[in-house]
Structures are given as C-alpha cells and as structure tokens.
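Colleague: This is the structure I have questions about; it appears just below.
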C-alpha cells in the first residue's frame, strides 16, 4: 500500500512538473522542482491564477481561494495535491 | 480545448513568423484566461498567423473601442456583461437595488448603450467586430419572485436586444448567438462568483473556452461549404420508394416522419443561399423522379442537379456530381442514412464531409441540421448565391452546345460573351471577399485574407481591384473573378482568382489585358505561388510563356499580346 502511494505521489510530481513547464516555460527541469514565489520572478498573482487553473484541470480538483495563499512553492503544491487525491 | 493546450497554442502563435493578426479585447472585467483562449482558437483557425491580443483599459469598453480605432486593429472583441452597462447590475458593486435606483439603472444602461452604438458606428468597417450579449444572469435585484420576470428586468433585456440588433445589421459586426452559447455552456455553470469577488474574473474556465471558441469562429469564419449531396430513402423521405411506391414514402407529422420534412426545408434554405444540391440514390430513376415530383414535397426537384440514380457504388455517383459541379470534395457534404455508404464514399474522397442522417433519432437529426447550418452558413448573401445552381445547369447546356461546333473560336463568337469590369473598391460588397477566400483552382498564390486584412487592402490608395462579371447568350454567371494589386511605383498583382464556372472562355486573358491597358504599362509582376490546387492557374501561366520556377513572374506586354488567343469578349466598364 505504501509503495502504491509512493508511486502515485511520483506520478503527481511528474504531472505537476508538466503543469509548471506550461506556465513557466523558461524554467529548467531542475528549477521547477525548486520553484517558489520567492525564487521565480515571473510567479506573480496572475501567473498564480494561471498555474492554479492548469493544476485544477490536470488533476480534476478545485483549489479554494483560501488555500491558494499557502501554495507558494512546487513542494507545497505537490503535498497539497497528494493530500487532496489521497485523503 | 484544455487550458494547458490553449496556453501552449497562444505562446506558439506569438512566436509565429507569419503575419500578425491584431485583436483588441474590450471587456469590463479581468480578461484572464479569455485572452489566452481567444488567441489559441484564432491560431487554430488561422495556422501560421501571429495572434496579438491587446486588452483594452480595464473596465472601460469605450476606451477599448477607441484603442482599436487608433491602432488600426484587424478585429475588436466586445464582451458585454450587465455590470459593464451599470455596476449596480453586478455583484462587486454595492450601489443599491431599491426601485428608485433601478429606475436610474435603466436610464444609465440606455445612455451607455447609446454611447457604445456611436463609438461602434464611428469605427465603421475598419475592422471585424465580435459582440457578445450578457452571458451571466442578472442579480436578484428586482421586486418580483425568481420565477417571474419583472418589467424592469424585461426592459433591460429589450434595451440590450435593440442595441445588438442595430449592430447585427452591420456586415462587419458578428453577434454571438446566445442559443449556441447556451447549448455549449449551460447557464447554470457559467458564473464563478468567488472568482468575481477575488479577482474580477466572473466566468468559469469552461465558459471562457466556449465563449472564446465562438468569438474566434465569428472573427474568422471558415469558408462555407459549396455543395450538399443527399441520399433519398430514409433521408430525404421516410421509406424505400422502390419498395412502397412514390406515393407511399412519407415526411409528415401523422406518420411520425416529420423530421424528413424539416430536412427538406433546410435543404431548400441552403439552396436559397447559394448551396448546390445533388442526389445520389440507389434507386431506379423513374421511381426517384416520381417521388421528387410530388407536389407536397417541400423542395422543388429543380433545386437538385445532378440527380444520380442507379446501382453503381455511391462513390461513382459522387465522383460524377463533383465533376459536374467542378468543385473540390473538401467543399462538399454527403448525407446518407447508411453508415456503409458513408464509409465507401469517404474511402474514395477522404476530404469530403460525410454526415449520417439519423432517421430514428429526431434529437440527433436536429443536431445534424445545426451542423449543416454551420457548414453552409454565410456572413452575407449576394446576387451570385441566387443563381449558382442555375449556372451549373447552364454550363451543362454550354458543354452540350460546344460539342456541335466546329471550333472553340466559332463557339465563343456565337456565344456573345460579355465581361463587365468594376474597379470601385466597395467595402460593403462582400462578394469579392468571399470569392477571393474560397477559390482554389485559378488562384494566383492560394493566400487568404480575413475581413480586417481585406479592408486594409481596400483602403490602400496604392492598391487597385478589378471585379469581373460574366454573361453570354446562355445566361449570367454574376461576379466570377477578381484581380488586385499595387500600381505604384510598378504594377504588381498580389491576388487573382477566377471561378471555375468561367473557365474555357478566355476571361483570364481579358483580365490581364485590361490591367496592361488600364495602367498603360509594359510589364506586370505576378506574386505567384504554387499550391496543390491551382493547376488551372499554372496552365494559364504556362500558356503565356512563363517559367513557373520563378517566384516573381514578370509578364511582358508584347510577349503576352503575341501569345494571347483571340478574345471573343465584349468588355464593359461599369464603374
């Protein structure tokens, strides 16, 4: 079961990586994994809305406005999605 | 279209090296997602073009219209929501919903629509305009219950409708169909109130996608299909005419076969706006004609030409029809109730649009009728649309006549051919624009223009445009060709098309001769480009001694006049 969750989480990160690459095409593969609102200058509020839109569409989830404020890095977003998909 | 795909397409369009298509977006809210989707759909419909969307000043539609005028944009997109007409009709404003305030709202809405009307009339025909009525519902600000419409609410709808009706009468304005939007984006799913409060983005993403798709289709509509080939049994009527007899096939309410009557009515409407109709039916001709001649048929037999019957494969019938019409399979729709027949035709003509007539599912049939309307729909109807079917039959008569004549020169001489030339550049005449964009076989370079680009060409003082009409003793073909280009400093032809209905009359020679005469020049440059379809144009260019390996072809007057065959054409200048 743990192995399955790990595999699923790996898939989540791969898919999330693709979402980031669509919204921030200038980031390298490695930069995406380390991306945050502090480190990526183009990650402003409009880019956030675009990123959230792409993520909602990719994972079939709805991200409430209250949650968006906390989702300020790739890692935090990945964890959020994993929790949403595996409650 | 997925949002991520729209982002990629929009980015790709910005990086495209092709000509730029400039669009100003006028909406009273944050255009997030909307500009991306509009750009993506426009790029999908206009591959190779660089789509540049410029949002107008936030919340100010009038300033956005001015921006479109000042920047000479190709297109203007206007999305009107209730809150743009008066903020009190939205959820972000707290201006009050008392009866006195609502009376003032009516006055404000009327005044704002008047200003919009004036601003749009000032922009004239400069660019193509896509206009959307409010797609979100009004807030619960009226004194009636939710299930009863108040007079104030209806008055608001009336004001908006009056406005869009006055705009829809302009040829360069396309109003989005609310029914189309409703079918593709249900009313209840459109509004994102949280997004409206948070960032003034009032639409759900799917609604944005559907709106953008409709907007892109309005701005750059695909060229309409030219012909429809229909089956008879269980398609034009219910029943098998060969089995039951012509008097027993049905299309009425009592028999439960009324859907076929609706189909007949739709076909008549398509023919009325210039679509060609033909029949491909596995039946004995006598049976088919007997049923077609029934006085209660809702479409006249004369509207179908040719009528192919017999027991050959349908693809052979379709081939003969295409040859008679002389149009490409990609411009034709084939309708049949039998999937196997559709597949057989599709195998031979992959480009043809095959549509199943769902005789036992009236709702699916209604969907087919909407598809047919979209395939054959036109922005504008002109004189040539009314005579197209007749000219096909006249051409058949011409072909029969020419067989009995000793030489083509004798035939042309006896035909009393006339061409009428008009060189006034009228922006209100849509026929030349339509002709330019749908002609393939005699087309100098295969390029297409959208409405904004065409308008720019018309307004260029250094550009000329000659539109040709043709008639002979068999009848008139209407406007069948055009040639345009620049004449300062040298004469260059940028676009040249001639309808296939006018082939074999040497009209193309007369068109070129007229350009030499009009500008009194000894050389004309042709901006030629080979395409998979412009073989007729290539044959003509080779006939006047041009080497098609050269990209810029230069026609020397003396050489042309030496190689030009006798022209048995009377030229009339109708400026």
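Colleague: More than 18 angstrom separation, counting every C-alpha pair in the range B:26-170; what % is that?
Modeller: For the range B:26-170, the share of Cα pairs beyond 18 Å comes to 60 percent.
Colleague: Where in the range B:284-300 is the amide nitrogen less than 19 Å from a point lying 7 Å along the Cα-to-Cβ axis of residue B:247?
Modeller: B:286-298
Colleague: Then there's this: Relative contact order of the range B:296-434: what whole-number percent is it, with Cα pairs under 8 angstrom and at least 6 residues apart? It would help to have the intermediate numbers written out before the result.
Modeller: Values: 77 pairs, mean separation 24.2, N = 139.
Here the relative contact order equals 17 percent.
Colleague: In percent, how large is the relative contact order of the range B:254-336, given Cα pairs closer than 8 Å and 6 or more residues apart?
Modeller: Numbers: 67 pairs, mean separation 25.1, N = 83.
Reported relative contact order: 30 percent.
Colleague: Tell me the mean residue ellipticity at 222 nm calculated for chain B from its helices only (DSSP H runs of n ≥ 4, each -39500 (n - 2.57), averaged over every residue, nearest 500).
Modeller: On the way: 22 runs with 249 residues, N = 575.
It lands at -13000 deg cm²/dmol.
Colleague: Rounded to two decimals, what ratio of Rg to Rh does the protein assembly as shown give with C-alpha atoms and a Kirkwood Rh? Numbers along the way, then the final one.
Modeller: Numbers: Rg = 29.4 Å, Rh = 28.8 Å.
My calculation puts Rg/Rh at 1.02.
Colleague: Moving on to the next point. Give me the base-10 log of I(q)/I(0) for the range B:202-281 at each q in 0.23 Å⁻¹, Debye formula, one uniform scatterer per Cα, rounded to two decimals.
Modeller: -1.03
Colleague: Compute the FRET efficiency between residue B:198 and residue B:488 as 1/(1 + (r/R0)^6), taking r as their Cβ-Cβ distance and R0 = 60 Å, and round to the nearest 0.05.
Modeller: The formula returns an efficiency of 0.60 here.
Colleague: What is the Cα coordinate range of the range B:1-111 on the first, second and third principal axes, sorted by size from largest, in whole angstrom?
Modeller: If we take the Cα atoms of the range B:1-111, the spans are 56, 32, 18 Å.
Colleague: Report the extension gain between residue B:157 and residue B:447 in nm, rounded to one decimal, defined as 0.36 nm multiplied by the number of residues separating them, less their alpha carbon distance. Write down the numbers at each step before the final one.
Modeller: Working: separation 290, 0.36 × 290 = 104.40 nm, distance 4.20 nm.
This chain segment gains 100.2 nm when fully extended.
Colleague: Quickly work out the residue B:118-to-residue B:11 label distance, labels modelled 7 Å from Cα along the C-beta direction, and quote it in nm with one decimal.
Modeller: So the label points at residue B:11 and residue B:118 sit 4.5 nm apart.
Colleague: Continuing with the same structure: Grab the Cα-Cα distance for residue B:373 and residue B:71, subtract it from 0.36 nm times how many residues apart they are, and report the gain in nm with one decimal. Walk me through the intermediate numbers first.
Modeller: Working: separation 302, 0.36 × 302 = 108.72 nm, distance 3.49 nm.
The residue B:373-residue B:71 span can extend by a further 105.2 nm.
Colleague: Test of understanding: ordering B:375, B:251 by Cβ neighbours within 10 Å, fewest first, what list do you get?
Modeller: The order, fewest Cβ neighbours first, is B:375, B:251.
Colleague: Follow-up question, since we're still on this one. Modelled label-to-label distance, residue B:20 and residue B:380, 7 Å Cα→beta-carbon offset: nm?
Modeller: My value for the distance between the label points is 2.8 nm.
Colleague: Using 1/(1 + (r/R0)^6) with R0 = 35 angstrom and r between the beta carbons of residue B:273 and residue B:293, what's the FRET efficiency to the nearest 0.05?
Modeller: Working: r = 24 Å, r/R0 = 0.69.
Approximately 0.90, to the nearest 0.05.
Colleague: Each label point is 7 Å from the Cα along the Cα-to-Cβ direction; what then is the distance between the points at residue A:36 and residue B:504, in nm?
Modeller: About 7.9 nm, to one decimal.
Colleague: Which value results when the Cα radius of gyration for chain B is divided by 2.2 N^0.38 Å? The partial results should precede the final answer.
Modeller: Working: Rg = 27.1 Å, N = 575, 2.2 N^0.38 = 24.6 Å.
Scaled against compact globular proteins, the figure is 1.10.
Colleague: For residue A:9, project a label point 7 Å along Cα to C-beta. Then give me every residue of the range A:47-87 with its amide nitrogen under 14 Å of that point.
Modeller: Taking a point 7 Å out along Cα→Cβ of residue A:9, the residues of the range A:47-87 whose backbone N falls under 14 Å are A:75-87.
Colleague: Report the normalised scattering of chain A as log10 I(q)/I(0) at q = 0.21, 0.23 Å⁻¹, calculated by the Debye formula with identical scatterers on the alpha carbons.
Modeller: Here log10 of I(q) over I(0) equals -1.00, -1.20.
Colleague: What is chain B's relative contact order, in percent, from Cα pairs under 8 angstrom and six or more apart in sequence? Walk me through the numbers before you get to the answer.
Modeller: Working: 985 pairs, mean separation 56.5, N = 575.
Relative contact order here is 10 percent.
Colleague: Which FRET efficiency value, to the nearest 0.05, is calculated for residue B:413 and residue B:149 with the Förster distance at 51 angstrom and r the Cβ-Cβ distance? Spell out each step's value before the answer.
Modeller: Numbers: r = 70 Å, r/R0 = 1.37.
With R0 = 51 Å, the Cβ-Cβ based efficiency is 0.15.
Values quoted throughout were computed directly from the atomic coordinates according to the rules given, and no laboratory measurement underlies them. A quick note: this is a predicted structure, and the numbers were derived from the prediction, not measured. Quick reminder, even Gly has a Cβ in these numbers, built from the backbone with ideal geometry, and neighbours come from all protein chains shown.
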